[in-house]
Amino acid sequence: RAPQGWKNEHLNNVGIEAEDGKEDRDISLSEKERRSAWARLLAKIYEVRAFTCPKCQSDMNLIAVIMDPEEIRKILQHLVKIGRSPPGINTASLN
């Protein structure tokens, strides 16, 4: 993690220095472009294609991020119930 002082100094300085020394503050990436860049970075560093289907190799889209532990537990319990639990999961820990 970056020190708090570094963060305070750089949060408002989001412009990119152009070749002529002037900042270009008109650069704005769409959500899709940011996600795509993040997926490329993960693929490059970890040699993992996070948004590629492991079965058919087609592109996948992120539709949700679930952070609530209780909701995650419910989803995992359902997957265990229908026989599609993730590999290596301790089903006793879900109760």
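Side notes on the structure shown:
- Listing of helices (runs of 4 or more DSSP H) fully contained in the chain that carry 1 or more residues being out of contact with any Phe, Trp or Tyr (no Cβ under 8 Å at 6 or more places or on another chain) and modelled with pLDDT of 80 or more: 31-46, 69-81
- In the stretch 63-85, the condition of being farther than 28 Å from residue 39 by Cα and loosely packed, with under 10 Cβ neighbours inside 10 Å is met by at least one residue.
The values are calculated or read from the model by the stated rules, or taken from the named source; none is laboratory data. Note that the structure is a prediction, hence the values are computed from the model and not measured. Quick reminder, even Gly has a Cβ in these numbers, built from the backbone with ideal geometry, and neighbours come from all protein chains shown.
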